[in-house]
Amino acid sequence: MKRFKRIIILYFIFSALLFSQQKKITIPLSFDYYYTYDMLVQAIKALNAAYPKLTELNYIGKSDEGRDIWGITINNPKTGKDIDKPGIYVDGNIHGNEIQASEVCLYLAQYLLENYDKNQEIKDLVDKKCFYIIPSINVDGRFHFFNDPNTSSSNRSLRIPKDDDNDGLIDEDYPDDLDGDGNICLMRKKDPFGKMKTLPDEPRLMVSIKTGEKGEWTLLGTEGIDNDEDGKYNEDSEGYVDGNRNWGYNWKPNYIQSGAGDYPFESKTTTAVAEFISKKPNICVVWAFHNNGGMYLRGPSSKEQGEYPADDITVYNYLGEQAERITPGYRYMISWKDLYTTYGDFLEWMCMTYGAYGFVGELFITESESFKSIKESKKSPESAQQDSDSRTSLQRERLKFNDHLAQGELFKDWKPFKHPVYGDIEIGGWVKMSSRLPAPFMLKDLVHRNASSVIFSAKNTPEVELEVFDVQSISKDLYRVRVRLINSKAIPTMSKYAILKKLYPMDMLSIKGEKIKVVAGGKIQNLFNNEVTYKEYKPEIQFTYVPGFSKAEHEFIVSGKGKIVITYNSRWAGKIEKEFELK
Amino acid sequence: MKYLKSFYLIFFIIGFAFSQKINFSHYHSISDIEKILNNLSNSKIAKRIILTKTLKGNNLSLVQIGNSEKGKPAILVAANMEGDLPLATEASLYLINHILNDKKMSDDYVWYIIPCGNPDAFQRYFEKPLHESNLNFHENNDDLDENIDEDGCEDLNGDGFITQMRVKDPLGEWIPIEGDSRILRRAKPERGEKGIYKLYSEGIDNDNDGLYNEDPKGGVSVGCNFPQFFRYFTSTDGKWPGSESESKSIMKFVNENKNIAIVIVFGSTNICLNKMYGGRKEEVNTSRIILNRRMAAFLNADPSQSYSLEEIIEMVKNSSPPDMDVNENTVREMLGIGSFVNPLSEDVKIYEEISQKYKNFLKTINLDFKRIEPEKEKDGSFEVYSYYQLGLPTFSLDFFPIPEAADVKNEDMLSLSQIEKLSKDEFLSLGKEKIEKILKNYNAPPNINYDKIVELFKSEKMDVKKFSDLLKKTAITVEQDSELQKMNSMIAYGKKNGFETFIDWKTYKHPQLGEVEIGGFKPYVFTTPPDSLMERLIKLQVPFVNELVSLLPKIKINRVEVKSKGNGIYEIKAFIENEGYLPYPMANGIRTNKIKPIILTFNNKDIKIIDGKKRTLIKKINGKGIELVKWMVYSDKPLKLKLLAETDSALNDSYDFELRGE
């Protein structure tokens, strides 16, 4: 019993200690540090608490390890229900290590809410649209990235145990933090027959030797021991189902797409998010944030799918090229062609199943860690000659950035260590919170620019006006009524893809009245030549869509008199009703 | 308390007795099956697992018979995944009954039996009117209009069956076949044929959109909702593979139970009679791959030139560290060039041999007649998922072989392949009447008559080969031919066995179409023999399952040899054998990387291994094959050891031996 008491006391001390390490979350949120999983949840809830009239907290579901996944909806109920407005979906951190993606989401939410009363543009935007924001999808990955020793690239996977090396043991050979510093760095061993040597003026950096040169080091790989004694190091760490390969479109098995999982939506995490999305048919724009490389990627994600319809590419180009300007250095690219092929990724699932327009934002450019005066950048060709390749010069520059802008926090100097198998080795290299993440002082710029790219696309979701532009009497009690739908934004009311693949019914334009009968109705193909394609059955309901910056015109021949209601109903552009009298 | 005990005992006996006495005089409905499965819980060796509940609230059940132990092979029998094959469900019940009555079957194996993979569709077989459908009840707006599931079929003439309606129409596409005006085929306008009828399923146009029965209740065809060759963007196969709780829960189960050694599907295909369907085109031509710039730079290759997959594998090997495992899979993944799409040649050999066994089996049960071909494996079906993704030996059985009817009206008609084999003189000696019959039968163009043919043959402008090639083009396509053959055979089979297959066309006053005729083949008639024939068919054919199971791989340690090398050093040689017929795993199991290797370990963890591994992995042992594994170990004193061989699904074995000096 005594022992039990001691444990309880210890528990309180520890939890108090843990708590004190965490920053208190206040609104407005700060963007000069990274949010742990717990802090992130607090931040989402704090935003909701600070702006209850404009936000709704969304419990998305449980992750594979049982953590809560939270989202936040930004919508002004006074201007309508969320699903009656164009929906913009934004998420991040589907890969556990790609943490700043969540900060972009948080920032976007905060920026919209904070400026609602201050800035007319933002007020209009928030009143007309709806934002669904899930800052962190892979909450388990985020938790373990912060809490466990990692490289900047590890802990990407969802937490579903898998036997990666097919040896009958599951997750048995993970990297080990041998020196206990919270980072998984690299191991190297002095070796006259090694393939690497240090640079004379920068001993922290190694380069490959040329033929005939004497070697100095052998690079042993990431920090760890061969836990399962099979001769391979760190080949079966926790996971590996890749959150961004487990979705239902063009899914391919694990042997051809590593990280696919055993079947689409094997993960509770992806299943929960898909469930949420399935209830939001109004989502027309999707942003999924990752790191790194400075890219705005669009599909297709594999070649055999073929290119998207030309009309859709026009929309992508309009949004993508503008995003390139908003965030200089980022390139707008096609995923399979300019990066690599993926199967079963989230974005393609959104585009192919719901017909949405979507981008993956790969945040952060290594080159932004620059250490150059104007003069030096002008004569970069010569300075590059100092090193055999540009990669080495970049590393050299990043080390200087580390020394003078991060005071050594990004790179761990090589230190001797006694390895149980390799003997005397050295451990060192880039730390966990480096390489793919901006140093905290650069975070605010990154989140603001990327949130602005989202805002630009959000502004371009369809906004449709309906006008009855021509009513003519043909004979007694027989009228021709012409209706025009005008979309003042770049994004159409349906993607061409959704129409071609028949993903769901098209927008509907219908005419009703108690004392009327609709004799005929159709789409006006050419207004000046009076070319109309009539719909043979049920002329009172027309299926249509309105392209970006364009119009759609329909005609009804109506017999009767009295009050008439014309309704336009669109998944993306909402519902419009117009009443008038036939006299 | 005592009372309770005896109550349980009685219950147990009744329950077991019931399970032993399933009556196969009629098809079992969902509630019948529920009763049978509920009673299983009284048997010590069987239990029912509910994989999921369907949208209609039906249970998707799996029956486990036999206790699962490590290494004990499990047999997955997946019946009626389509939902419209009651016969397959009966066969699975028969198998359950059979296993419960043969203790050895559950001693040696674990059985996982799914009586029906699509219970909601299955339920339709027991509803009036009878309407054949393999769809579950997932809402689906088939016609993309303003309403969902608003236009299904109606039993207009009240005969209890949803059949067809034919209407004379100038735009009709269908004509009756010669010899049987009941049966319709598509007219061939390119041959001057003019359609007479329009054909609809029985019902009215409920939503007045000019289309008949185009948006019925539901749904998704669960049997096509699996990931291999899944067809996106159809109105029936689901939005994505596993979009239905039925298919997803089945995939979850089969992936979590690594003891499954073989998959046997009871359905509409027969991967015992025929080997798996092949001949699919790869997504990418692997003999001519063009590398993108990034990849080309990495491999030191020329981006403007094309390479074969084999060449690229070599290049990748050359530019990777030596310990990196580079194989076809890794390179395919690197290049993003899809999965394998045809049965692997090593497996095809095995399928061919088993097909021979199956044909011999059919002889012994007198079902070796020429029959209507079973269906090909469907894209997205469980069969192809199992073979291409689970990497398991996969077989299937259908149980309703319809004997191919001799073509009565054309008994003396030569087939095209027969004609092809004739010499010029043999052909001409057939005479005017026969040759003209041939011309008519194969729809030769009207300008080609007997005289013309003789003239062409004599001037050597035409020979027999050219002639038969011409007829091949003009004849009704092979597909239509086999469809007609199937219909004729069905009618003949029904006649012979005294049951009605076809409901004769009768006129009916349709509110929208005016005068129509309602009739056609009875629903389910091609897949579901009448009650009276059912028991015999499954009783004869289900036992082939025993034969398939007897082929399973069995991993044994044949022997261990120890040789002392002096100074406490020993060489250990172990001979690991696969006593079964099938390899462990099959070639697809290696490709999919889903089957765990055979793992060899010593029971003594402290043994000092000088050469060799603590855990030795054997990737594959062929059927009846043997693999040699060697270690060099050190022990300063004699040591008793045990070698363990473990597998997930092909048994475990151990072998005791000793290290000692000579």
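Worth a mention:
- Candidates in the stretch A:120-155 are the residues that are out of contact with any Gly (no Cβ under 8 Å at 6 or more places or on another chain) and part of a loop (DSSP other than H, G, I, E, B); of these, the one that is farthest from residue A:222 (Cα to Cα) is A:148.
- Selection within the stretch A:261-288 - in contact with a Phe, Trp or Tyr (Cβ under 9 Å, 6 or more places away or on another chain), touching a residue at least 24 places away in the same chain (Cβ under 8 Å) and not in a helix (DSSP H, G or I): A:261, A:264, A:280, A:281, A:282, A:283, A:284, A:285, A:286, A:287, A:288
- Top-ranked residue in the stretch A:208-259 [being within 12 Å of chain B (Cβ to nearest Cβ) and acidic (Asp, Glu); ranked as surrounded by the fewest Cβ atoms within 10 Å (Cβ to Cβ)]: A:229
- Test for residue A:88: is it of a type in the set (A, V, I, L, M, F, W, C) and touching a Ser or Thr at 6+ places or on another chain (Cβ under 6 Å): no
- Residues of the stretch A:480-506 that are among the hydrophobic types (A, V, I, L, M, F, W, C), crowded, with 19+ Cβ neighbours inside 10 Å and more than 11 Å from chain B (Cβ to nearest Cβ): A:481, A:483, A:485, A:490, A:491, A:494.
- In the stretch A:152-167, the residue that is nearest to residue A:69 (Cα to Cα) out of those that are crowded, with 19+ Cβ neighbours inside 10 Å and within 14 Å of chain B (Cβ to nearest Cβ) is A:160.
- Qualifying residue in the stretch A:333-348 (condition: touching a residue at least 40 places away in the same chain (Cβ under 8 Å), of a type in the set (Gly, Ala, Ser) and assigned to a loop (DSSP other than H, G, I, E, B)): yes
- Top-ranked residue in the stretch A:520-542 [being in a strand (DSSP E or B) and buried (at least 17 other Cβ atoms within 10 Å of the Cβ); ranked as nearest to the other protein chains (Cβ to nearest Cβ)]: A:541
- Taking the listed residues B:619, B:573, the one that is among the basic types (Lys, Arg), in contact (Cβ under 8 Å) with a residue 24 or more places away in the chain, touching a Leu at 6+ places or on another chain (Cβ under 9 Å) and surrounded by fewer than 20 Cβ atoms within 10 Å (Cβ to Cβ) is B:573, with no other qualifying.
- Residue tally, condition within 12 Å of chain B (Cβ to nearest Cβ) and more than 17 Å from residue A:271 (Cα to Cα), over the stretch A:353-381: 1
- Residue count for the stretch A:428-486, restricted to those that are β-branched (Val, Ile, Thr) and either part of a helix (DSSP H, G or I) or under 34 Å from the mean Cα position of the chain (by Cα) (or both): 7
- Among residues of the stretch B:550-566 that are of a type in the set (Gly, Ala, Ser), those with a Cβ under 7 angstrom from a residue that is exposed (fewer than 12 other Cβ atoms within 10 Å of the Cβ), sequence gap 6+ or separate chain, pair up as B:564/B:661; B:564/B:662.
- Among residues of the stretch A:43-60, those that are under 30 Å from residue A:161 (Cβ atoms) and surrounded by fewer than 17 Cβ atoms within 10 Å (Cβ to Cβ), counted: 1
- Strands (runs of 3 or more DSSP E) wholly inside the stretch B:154-217 that include at least 3 residues being in contact (Cβ under 8 Å) with a residue 40 or more places away in the chain and closer than 23 Å to residue B:491 by Cα: B:164-168, B:180-186
- If you go through the stretch A:557-569 and keep only what is part of a strand (DSSP E or B) and either surrounded by fewer than 18 Cβ atoms within 10 Å (Cβ to Cβ) or out of contact with any Leu (no Cβ under 9 Å at 6 or more places or on another chain) (or both), you end up with A:559, A:560, A:562, A:563, A:565, A:567, A:569.
- Condition check for residue A:196: surrounded by 21 or more Cβ atoms within 10 Å (Cβ to Cβ), over 30 Å from residue A:302 (Cα atoms) and in contact (Cβ under 8 Å) with a residue 12 or more places away in the chain: no
- Cβ pairs under 7 Å, 6+ apart, first in the stretch B:307-329 and within 14 Å of chain A (Cβ to nearest Cβ), second of a type in the set (Phe, Trp, Tyr) and in a helix (DSSP H, G or I): B:319/B:298
Taken together, the values in this text are just the output of simple stated rules run on the coordinates, not laboratory data. If you're wondering where the values come from, they're calculated on a predicted model, not measured in any experiment. Neighbour counts run over all protein chains shown; Cβ positions are idealised from the backbone, glycine included.
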